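*Asks:* Take a look at this one; I'll ask things after.
The values are calculated or read from the model by the stated rules, or taken from the named source; none is laboratory data. What you see is a predicted model, and the numbers here were worked out from it, not measured in a lab. Cβ placement follows ideal geometry from the backbone for every residue including glycine, while neighbour counts extend to all protein chains displayed. Only protein heavy atoms, including side chains, enter the accessible area calculation; ligands, DNA and RNA are left aside. Shrake-Rupley method; radii C 1.70, N 1.55, O 1.52, S 1.80 Å.
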Amino acid sequence: MTGPTRPVCVLVGAPGSGKTTVGQGLAAALGVEFRDTDTDIERLAGKPIPEIFVDEGEAHFRTLERAALAAALASCSGVLALGGGAVLAEENRAALVGHRVVHLSVELPDAVKRVGLGAGRPLLAINPRATLKHLMDQRRPLYAEVATATVVTDGRTPEEIVTEIAALLKP
């Protein structure tokens with residue numbers, strides 16, 4: 001009899017840290033599924049995240065995010081990527097206890113290059129560089145709190161990062 005389904009690992013990090021790109025590569029390398037809670041939320045809501053923010057507001061989005069995280073932790077057996085702000089909710093941080101959580105760390109210059117200053121990212125719509133810096137400063141201690149490992153992504157290829165995480169996950 002097997003135990004409950006658990007993700008192989010959960011990826012957290014700021015916008016532009018590479019959660020989706022690295023997550024997809026890691027899942028492929030490990031031969032497991034890749035799942036992204038942001039994609040789950042969009043599927044459930046029937047619309048893109050920016051529209052959820054505009055139509056129902058951030059509080060509604062965060063409610064959907066908590067539900068998506070709980071469902072994914074209970075049913076994902078592969079690599080799970082969380083939205084950048086998922087760690088803001090105490091309930092979400094508590095749910096991550098006991099899971100293998102990898103914080104993909106990124107500094108502002110690399111994050112700015114990767115996110116293209118906010119296309120389709122509702123929290124970065126106004127003064128994206130300053131907003132991204134504020135989000136990163138606010139969330140960094142929360143990523144550190146939930147992480148069982150931190151991997152620096154600056155100036156590295158997704159393949160290099162995947163190789164490092166795969167090595168960390170070996171028993």
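*Asks:* Yes or no: V106 crowded, with 20+ Cβ neighbours inside 10 Å, within 26 Å of D137 (Cα to Cα) and touching a Leu at 6+ places or on another chain (Cβ under 9 Å)? Break it down stepwise before answering.
*Replies:* Values: crowded, with 20+ Cβ neighbours inside 10 Å: yes; within 26 Å of D137 (Cα to Cα): yes; touching a Leu at 6+ places or on another chain (Cβ under 9 Å): no.
No, not satisfied.
*Asks:* Are there helices (runs of 4 or more DSSP H) fully within the range 8-118 with at least 1 residues that are over 24 Å from H134 (Cβ atoms), of a type in the set (K, R) and touching a helix residue (DSSP H, G or I) at 6+ places or on another chain (Cβ under 6 Å)? List them.
*Replies:* Values: elements: 19-30, 37-45, 49-56, 58-75, 90-96, 108-115.
Helices (runs of 4 or more DSSP H) meeting the threshold: none at all.
*Asks:* Out of the residues in the range 139-171 that are open to solvent by less than 80 Å² (accessible area, probe 1.4 Å) and among the acidic types (D, E), which is nearest to V8 (Cα to Cα)?
*Replies:* E164
*Asks:* Which of the residues belonging to the range 23-35 are within 16 Å of C76 (Cβ to Cβ) and either touching a Leu at 6+ places or on another chain (Cβ under 7 Å) or open to solvent by 20 Å² or more (accessible area, probe 1.4 Å) (or both)?
*Replies:* The initial filter retains those residues of the range 23-35 that are within 16 Å of C76 (Cβ to Cβ), namely 23-24, 26-28, 30-35.
G23, Q24, A28, L30, G31, V32, E33, F34, R35, listed by residue number.
*Asks:* OK, next. In the range 48-59, what residues are more than 13 Å from A89 (Cα to Cα) and open to solvent by 70 Å² or more (accessible area, probe 1.4 Å)?
*Replies:* Here is the first cut: in the range 48-59, the ones more than 13 Å from A89 (Cα to Cα) are 48-57.
Passing the criteria: E51, V54, D55, E56.
*Asks:* (1) more than 16 Å from the chain's Cα centre (by Cα); (2) open to solvent by less than 70 Å² (accessible area, probe 1.4 Å); (3) modelled with pLDDT under 95; (4) of a type outside the set (S, T, N, Q): which one isn't true of L88, the others all being true?
*Replies:* Answer for L88: the failing condition is (1).
*Asks:* Report yes if some residue within the range 34-50 is touching a residue at least 60 places away in the same chain (Cβ under 8 Å), in contact with an Asp or Glu (Cβ under 8 Å, 6 or more places away or on another chain) and within 30 Å of E160 (Cβ to Cβ); otherwise report no. Break it down stepwise before answering.
*Replies:* Step one: filter the range 34-50 for residues touching a residue at least 60 places away in the same chain (Cβ under 8 Å), giving 48-50.
Now drop any that are not in contact with an Asp or Glu (Cβ under 8 Å, 6 or more places away or on another chain), which leaves 48-49.
Now restrict to residues that are within 30 Å of E160 (Cβ to Cβ): 49.
Looking through the range 34-50, at least one residue is touching a residue at least 60 places away in the same chain (Cβ under 8 Å), in contact with an Asp or Glu (Cβ under 8 Å, 6 or more places away or on another chain) and within 30 Å of E160 (Cβ to Cβ).
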